[in-house]
1. Can you tell me which residue among 135, 93 is within 9 Å of the ligand (Cβ to nearest atom), among the β-branched types (Val, Ile, Thr), under 26 Å from residue 47 (Cα atoms) and touching a residue at least 12 places away in the same chain (Cβ under 8 Å)?
2. When residue 83 is evaluated against the numbered criteria (1) in the same structural domain as residue 140 (by TED's automatic domain parsing); (2) more than 24 Å from residue 145 (Cα to Cα); (3) within 16 Å of the ligand (Cβ to nearest atom); (4) touching a residue at least 12 places away in the same chain (Cβ under 8 Å), which criterion, by number, is the only one it fails?
3. Scan segment 101-108 and tell me whether some residue there is near the ligand (Cβ under 10 Å from one of its atoms), surrounded by fewer than 21 Cβ atoms within 10 Å (Cβ to Cβ) and outside any helix (DSSP H, G or I).
4. Would you check which residues across segment 13-28 are modelled with pLDDT under 85 and surrounded by 10 or more Cβ atoms within 10 Å (Cβ to Cβ) and list them?
5. Taking residue 62 as meeting all but one of (1) away from the ligand (no atom under 16 Å from the Cβ); (2) over 13 Å from the mean Cα position of the chain (by Cα), write down the number of the exception.
6. Just give me the residues in segment 39-76 being charged (D, E, K, R) and in contact with an Asp or Glu (Cβ under 9 Å, 6 or more places away or on another chain), in sequence order.
7. Would you pick out the residues in segment 1-55 that are touching a helix residue (DSSP H, G or I) at 6+ places or on another chain (Cβ under 8 Å), part of a loop (DSSP other than H, G, I, E, B) and within 16 Å of the ligand (Cβ to nearest atom)?
8. Being at positive phi and surrounded by fewer than 17 Cβ atoms within 10 Å (Cβ to Cβ) narrows it down to one of 136, 141, 73, so name that one.
Amino acid sequence: MKDFKQGDAVYGIIASGGYAEYAIARVEDIAPQTRKVSISKTAAAIPLGALTAWQAIFDLACLSSGQRILIDGASGGVGSMAVQLAKAKGAYVIGLASGRNEEFVRDLGADEFVDYTKQKFEEVVKNVDVVLDAVGGDTFGRSFETLKKGGFLVTTVEFPSEEKAREFGRKGSRESSANQTRKS
Ligand SMILES: NC(=O)c1ccc[n+]([C@@H]2O[C@H](COP(=O)([O-])OP(=O)(O)OC[C@H]3O[C@@H](n4cnc5c(N)ncnc54)[C@H](OP(=O)(O)O)[C@@H]3O)[C@@H](O)[C@H]2O)c1
């Protein structure tokens with residue numbers, strides 16, 4: 001049990017009714033504000049992106065230490081959290097974003113960076129264990145080519161339809177709020 005006291009500044013996620021002067025949250029869903037995190041500018045943006053990234057790469061893709069992960073949209077709300085979480089886990093992290101965000105993504109812990117405006121990422125990234133796709137569309141489809149056999153693709157954007165899975169010769173399934181496909 002966390003040791004909160006009256007008047008503490010906290011941040012977290014609540015099931016509903018967030019736009020209110022007073023709200024009720026489960027104690028396990030909130031955390032104390034640290035001096036490093038501004039409550040108004042930063043803390044409010046952390047929980048949803050971080051929990052989405054956590055669910056995708058750990059609960060669904062079961063990323064483990066030493067595995068290689070490609071993160072599509074590594075500079076974004078979900079991707080920037082995923083880079084830090086995957087790195088903290090001990091994974092080898094490859095971040096995909098535009099060149100203007102390379103320094104930011106590397107500072108978050110990415111071991112490699114690919115600029116999607118300059119390179120076809122599927123030609124330079126191969127044999128990854130996990131792809132976290134937070135971009136969708138064409139990027140989602142091309143990400144299959146980077147997976148090693150038995151690798152796992154999880155997306156926060158779109159459902160990998162059976163038709164699309166067949167097109168790529170993989171199996172697709174859906175679980176919870178994130179979508180996943182395992183390369184067969
Ligand atoms: N944020 C959340 O809490 C959350 C929760 C659940 C689901 N989602 C969904 O997840 C998706 C991403 O959300 P987000 O909040 O992370 O978005 P975001 O902050 O707008 O980030 C988008 C990311 O995609 C990158 N990107 C754009 N075009 C690309 C391309 N052609 N190839 C590769 N990367 C590209 C951007 O890179 P540059 O900026 O460097 O160009 C940026 O890193 C959305 O569909 C959203 O609905 C988000």
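The values are calculated or read from the model by the stated rules, or taken from the named source; none is laboratory data. All values derive from a computational prediction rather than experimental measurement. Virtual Cβ from ideal backbone geometry, glycine too; neighbours counted across all protein chains shown.
1. Step by step, each of 135, 93 is checked, and only 135 is within 9 Å of the ligand (Cβ to nearest atom), among the β-branched types (Val, Ile, Thr), under 26 Å from residue 47 (Cα atoms) and touching a residue at least 12 places away in the same chain (Cβ under 8 Å).
2. So residue 83 meets the others, but not (2).
3. No: segment 101-108 contains no residue that is near the ligand (Cβ under 10 Å from one of its atoms), surrounded by fewer than 21 Cβ atoms within 10 Å (Cβ to Cβ) and outside any helix (DSSP H, G or I).
4. Those that are modelled with pLDDT under 85 and surrounded by 10 or more Cβ atoms within 10 Å (Cβ to Cβ): 13, 14, 15, 17, 18.
5. Of (1) away from the ligand (no atom under 16 Å from the Cβ); (2) over 13 Å from the mean Cα position of the chain (by Cα), only one is false for residue 62: (2).
6. First pass over segment 39-76, keeping only residues charged (D, E, K, R): 41, 59, 68, 72.
Across segment 39-76, the qualifying residues are 59, 68, 72.
7. 13, 14 - these are the residues of segment 1-55 that are touching a helix residue (DSSP H, G or I) at 6+ places or on another chain (Cβ under 8 Å), part of a loop (DSSP other than H, G, I, E, B) and within 16 Å of the ligand (Cβ to nearest atom).
8. 136
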